[in-house]
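See below for the structure under consideration.
The values are calculated or read from the model by the stated rules, or taken from the named source; none is laboratory data. All figures in this text were calculated on a predicted structure; none of them were measured in a lab. Quick reminder, even Gly has a Cβ in these numbers, built from the backbone with ideal geometry, and neighbours come from all protein chains shown. Note: accessible area is taken over every heavy atom of the protein model, side chains too, but ligands, DNA and RNA are not part of it. Shrake-Rupley method; radii C 1.70, N 1.55, O 1.52, S 1.80 Å.
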Amino acid sequence: MEVIMKLKTIIHEAEEGGYWAEVPSIPGCATQGDTFEELLKNIYEAVEGCLSIDIKKTTLTDGDRILEIAV
């Protein structure tokens, strides 16, 4: 079963031309593009990059499990 996460993205027209976008639900997740098509590609890359970082080092014990989920 494919799992899909929907994220609202705010698209802005840049004063110098092109576009920039931000994803309010992921603090610090923003990108830009010269064209709308480039912006869309960059949004996917930015979200993937923002969600793939490790925030802190975690110590696992024998009773812990790691589960990867697709969103």
Restricted to region 1-29 and to residues being more than 14 Å from residue 51 (Cβ to Cβ) and among the aliphatic types (A, V, I, L, M), the residue least open to solvent (accessible area, probe 1.4 Å) is 21
Answer with yes or no whether residue 45 is part of a loop (DSSP other than H, G, I, E, B), modelled with pLDDT of 85 or more and among the acidic types (Asp, Glu). no
Within region 12-33, the count of residues that are in contact (Cβ under 8 Å) with a residue 12 or more places away in the chain and either touching a strand residue (DSSP E or B) at 6+ places or on another chain (Cβ under 8 Å) or in a helix (DSSP H, G or I) (or both) comes to 13
